[in-house]
1. Out of region 44-74, which residues are within 17 Å of residue 119 (Cα to Cα) and buried (at least 24 other Cβ atoms within 10 Å of the Cβ)?
2. Report the residue count in region 251-276 for those that are surrounded by 13 or more Cβ atoms within 10 Å (Cβ to Cβ), over 18 Å from the mean Cα position of the chain (by Cα) and assigned to a loop (DSSP other than H, G, I, E, B).
3. Check 277, 240, 231 and return the single one that is within 26 Å of residue 191 (Cβ to Cβ), in contact (Cβ under 8 Å) with a residue 60 or more places away in the chain and in contact with a Phe, Trp or Tyr (Cβ under 9 Å, 6 or more places away or on another chain).
4. Within region 67-100, how many residues are acidic (Asp, Glu) and over 23 Å from residue 144 (Cα atoms)?
5. Out of (1) at pLDDT below 95; (2) among the basic types (Lys, Arg); (3) surrounded by 12 or more Cβ atoms within 10 Å (Cβ to Cβ); (4) within 22 Å of residue 42 (Cβ to Cβ), what's the single condition that is false for residue 197?
6. Quick check on region 1-43: of everything there that is β-branched (Val, Ile, Thr) and surrounded by 11 or more Cβ atoms within 10 Å (Cβ to Cβ), which residue is modelled with the lowest pLDDT?
7. Take the conditions buried (at least 24 other Cβ atoms within 10 Å of the Cβ), part of a loop (DSSP other than H, G, I, E, B) and in contact (Cβ under 8 Å) with a residue 12 or more places away in the chain and apply them to residue 163. Does it pass?
Amino acid sequence: MIVLLFLAIFSFYVAFREERKGILTVAFLNIGQGDAIFIEAPSGNQILIDGGPGKSILRELSKVMPFYDRSVDVVLATHADQDHVGGLPDVFKKYKVSLFLETGVAGPSSSYEELEKIVNNDKADIKKIIAKRGMMVDLGDGAVLQIFFPDRDPSGMETNTSSIVTRLVYGENEFLLTGDSPKAIEQYLVSLGSQGRSLTDAPKGTPLTLQSDVLKAGHHGSKTSSSDNFVRAVNPEYVVISAGKDNRYGHPHQEVVDLFNKLNIKILRTDTEGRIVFKSDGVDLEVK
């Protein structure tokens, strides 16, 4: 019985590794009104960007990670609001996390306070880095996460304004992930163009351009984000809106949906479609 169980687990492990070979997975998790994005590189390295508002993050992670996996290499909190960090304390309690990136701007959420206590505990052995434009995280096998914003000390900024903006690049495919960045930051990013420096061992000199195949709509599709010229600069094929069904904010706002439709961008929504998973081999992009 024990031998058969071991063989079953081993077969699952081998099959999972074969399925992952050469493939980047980006999953926009179905966590209600909030954001949570799970990324697994072809190398097997994983990043979780935000953790949604609460415990639903653990359920969603169990759907995209094998049952035996008890580690997440990198966790990035775009900003300290509850709908982005509420589930992260539970993630840190269940999974071994090696690196934590954040803005350093505190929010009113009690979950953020709990998260900081966990990360700052020396026994946890978690490296914390304050994200800044130009840094890059090398995920291995050609997958790189570029950090576009903040480009300055965000102390004193409103939490949404301080959101970490990242661009995931694998071969010919790119994902622009904007947290809750407002239009003012979008306009600022359009006006910028520079080169990055390495955070780990990422290739140096990778240009920080906005153009991407997939755009995560800022602030859950709120009209405070997704300005016309920013969306045109990104020029995505797909836009993902992460929002809760029948949420009290009315996200996504109709004028934002109308803009995406006007620009012939394919809209994918977690409130109507649930979890949205992209697979990329570096050339072709597939939606699961």
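The values are calculated or read from the model by the stated rules, or taken from the named source; none is laboratory data. These numbers were taken from a predicted model, which means no experiment stands behind them. Cβ: placed from backbone, ideal geometry, glycine included. Neighbour counts: every protein chain shown.
1. 48, 49, 50, 51
2. Number of matching residues: 5.
3. Details: 277 fails: within 26 Å of residue 191 (Cβ to Cβ); 231 fails: in contact (Cβ under 8 Å) with a residue 60 or more places away in the chain.
Testing whether each residue is within 26 Å of residue 191 (Cβ to Cβ), in contact (Cβ under 8 Å) with a residue 60 or more places away in the chain and in contact with a Phe, Trp or Tyr (Cβ under 9 Å, 6 or more places away or on another chain) leaves just 240.
4. Here is the first cut: in region 67-100, the residues acidic (Asp, Glu) are 69, 73, 81, 83, 90.
Going one step further and asking which of them are over 23 Å from residue 144 (Cα atoms), we end up with 81, 83, 90.
Summing the residues that are acidic (Asp, Glu) and over 23 Å from residue 144 (Cα atoms) in region 67-100 gives 3.
5. Here residue 197 meets the rest and fails (4).
6. Quick first cut of region 1-43, residues β-branched (Val, Ile, Thr) only: 2-3, 9, 14, 23, 25-26, 31, 37, 39.
Now drop any that are not surrounded by 11 or more Cβ atoms within 10 Å (Cβ to Cβ), which leaves 9, 23, 25-26, 31, 37, 39.
Numbers: 9: 47, 23: 98, 25: 98, 26: 99, 31: 97, 37: 99, 39: 99.
Top of the filtered list is 9.
7. It is true that residue 163 is buried (at least 24 other Cβ atoms within 10 Å of the Cβ), part of a loop (DSSP other than H, G, I, E, B) and in contact (Cβ under 8 Å) with a residue 12 or more places away in the chain.
Here is a yes/no grid of residues against (1) touching a helix residue (DSSP H, G or I) at 6+ places or on another chain (Cβ under 6 Å); (2) of a type in the set (Phe, Trp, Tyr):
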| position | (1), (2) |
| --- | --- |
| 215 | yes, no |
| 230 | yes, yes |
| 235 | no, no |
| 256 | yes, no |
| 262 | no, no |
| 267 | yes, no |
| 271 | no, no |
